[in-house]
1. On a C-alpha basis, how far is the centre of segment 57-84 from the centre of segment 252-286 in Å? Whole number, if you could?
2. Could you tell me the relative contact order of segment 95-241? Use alpha-carbon pairs under 8 Å, at least six residues apart, and round to a whole percent.
3. Assuming 0.692 mPa s and 37 °C, estimate D for segment 158-261 with Stokes-Einstein, Rh taken as the Kirkwood radius over Cα pairs, in µm²/s.
4. Give me the one-decimal nm value for the distance between modelled label points at Glu329 and Ser208, 7 Å along each residue's Cα-to-Cβ direction.
5. Grab the beta carbon distance between Ile102 and Thr312, set R0 = 41 Å, and tell me the FRET efficiency rounded to 0.05.
6. If you take every DSSP beta bridge fully contained in the chain, what fraction is antiparallel? Give it as a percent rounded to 5.
7. My understanding is that a pair violates if its Cα-Cα distance is over 24 Å; which of Lys114/Lys285; Lys77/Lys114; Lys209/Lys232 do that in this structure?
8. Explain nothing, just compute: Karplus ³J(HN,Hα) = 6.51 cos²θ - 1.76 cosθ + 1.60, θ = phi - 60°, for every residue of segment 37-51 in order, whole Hz, x for Gly and Pro.
Amino acid sequence: MTFTPRVFSGIQPSGDLHLGNYLGAIRRFVPLQDTHDCIYCVVDMHAITVWQDPDDLRRATREVATAYIAAGIDPKKAIVFNQSQVMQHAELAWVFNCVARIGWMNRMTQFKDKAGKNSENVSLGLLAYPSLMAADILVYKATHVPVGDDQKQHLELTRDIAAKFNNDYAKSIADRGLGEDFFPITEPLIAGPATRIMSLRDGTKKMSKSDPSDQSRISLLDDADAIARKIKKATTDPAPLPETVEGLLGRPEADNLVGIYAALSDTSKAQVIAEFGGKGWGIFKPALAERAVAQLGPMGDEMRRLIEDTTTIDAILHDGAERARAIAEATMVDVRSIVGFIR
Ligand code: TYM
């Protein structure tokens, strides 16, 4: 069975958006809208798997939407919406909760990291999170999902859920003439020099919204001074940049900053090393800061401008949700019938 190529991705409105979200995800969403049907979601239902203050959640939801738009996503072309407006995500997630196995969820490293020693006392939603993520993707029968490296395991699970649904319900799917495979086996798009941006304080830790140190990440709303200051203060080893890209091995901080430069310049780490190999941090860091400020500065300004206009943002999310719902409902009409629900 061939599926129409369709891109879906999502970002949680659960804290400050940072450079990792931008380089690993948002920036890569933009060119795809010229080649694919694209659906970009603000996954507010995922965010509440851990406590969110309701007012903060509303603000953060609008902030992710403004980041999409400020980065260059055209909401007339791509669909931009917040997840909770399209209830078909939750409906399909329930079916997937009954297809997926608890053992699959318990194996998720993100669940283990987030739950820590407290796994009996986290929300049930946090455990079932990957099932909702599979529903986000498959309710649109999306074929491609651009994400950072940390989402790889969740996407493997999405493939497992699709395959098990297709298999468990194979007869019902065939009886209804819905083809051999009802859901596609989605391809993750994890590529480029910025699939895993690390903390500016510790090159072995991922840059993350939940790191208590604000110095560890560049926020998309940081002004030019803050961006330059954080890059200047970023932890590095004392040696100059290596002469070859292999020389970055075992030097996580250097590797991270070179990767950030490469991603911001649409080039490869090898090319950055060809330009800066042998040079010291006193040369490289100001060049990196200049690149970062040139790109993130105008985007942050645009986000700050857009976020004031909540009426326009909410109208974009509402329009996107209507278009998303039409696709999602068509899938659910078939799913209900495949599973055996009477309507
Ligand atoms: P979230 O909100 O944690 O992150 C959003 C996107 O940013 C990427 N990312 C990074 N990339 C590179 N370096 C980093 N340090 C870094 N930190 C985050 C993430 O990989 C992601 O692409 N479960 C998802 C949200 C989600 C989703 C989906 C994604 C829900 N449903 C369906 C794709 C498809 C999450 O928590 O992303």
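1. Result: 31 Å between the Cα centres.
2. The value is 19 percent.
3. The diffusion coefficient I find is 190 µm²/s.
4. It works out to 4.0 nm between the two label points.
5. It comes out at approximately 0.40.
6. If I count the DSSP bridges inside the chain, around 10 percent turn out antiparallel.
7. The answer is Lys114/Lys285; Lys77/Lys114.
8. 5, 10, 10, 10, 10, 9, 8, 5, 5, 5, 4, 7, 5, 10, 4
Coordinate-derived values only; no laboratory data. Just so it is clear, the model here is predicted, and its values are computed rather than measured. Heads up, the Cβs are rebuilt from the backbone with ideal geometry, glycines too, and the neighbour counts pull from every protein chain shown.
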